[in-house]
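Okay, structure first, notes after.
The values are calculated or read from the model by the stated rules, or taken from the named source; none is laboratory data. Only a predicted model underlies this, so the values are computations on that prediction, with no experimental measurement involved. Because the Cβ atoms are built from the backbone with ideal geometry, glycine has one as well, and the counts that use them run over all protein chains shown.
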Amino acid sequence: MVTEVAHEPDRSRYVLRVDGEAVGVAEYRDRGDALVFHHTEIDRDRRGHGLGVTLVRGALDDVRARGRTIVATCWFVSEFVERHPGYAGLLAT
């Protein structure tokens, strides 16, 4: 299984692909000073296999590499940051 997280800035989202098939999205709004992650979803038949974590980790790693910050209004992104304190520095103040 080959997974890839791709940034689609023209659609304000990150997409998780498994073996080339899109199976999840993490959508955001760019408010200028931060990306507001408001919705994350994995295809229903793919849930329960850790793909949401893969998606959010990939998205937040990219945000970090770009020198940006986030606001986590999506419960899943918020919970991810809470469970992985190494990402807490990405939270906008």
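A few comments on the model shown:
- Among (1) modelled with pLDDT under 95; (2) assigned to a strand (DSSP E or B) - the single one residue 37 does not satisfy: (1)
- All positions within the range 5-28 that are closer than 16 Å to residue 62 by Cα, over 12 Å from the mean Cα position of the chain (by Cα) and assigned to a strand (DSSP E or B): 17
- Residue tally, condition assigned to a helix (DSSP H, G or I), out of contact with any Gly (no Cβ under 8 Å at 6 or more places or on another chain) and surrounded by 13 or more Cβ atoms within 10 Å (Cβ to Cβ), over the range 65-79: 3
- Here residue 59 does not fit the description of being under 15 Å from residue 78 (Cα atoms), of a type in the set (A, V, I, L, M, F, W, C), assigned to a strand (DSSP E or B) and modelled with pLDDT of 95 or more.
- Screening residue 52 on (1) part of a loop (DSSP other than H, G, I, E, B); (2) touching a Phe, Trp or Tyr at 6+ places or on another chain (Cβ under 7 Å) shows it passes everything except condition (1).
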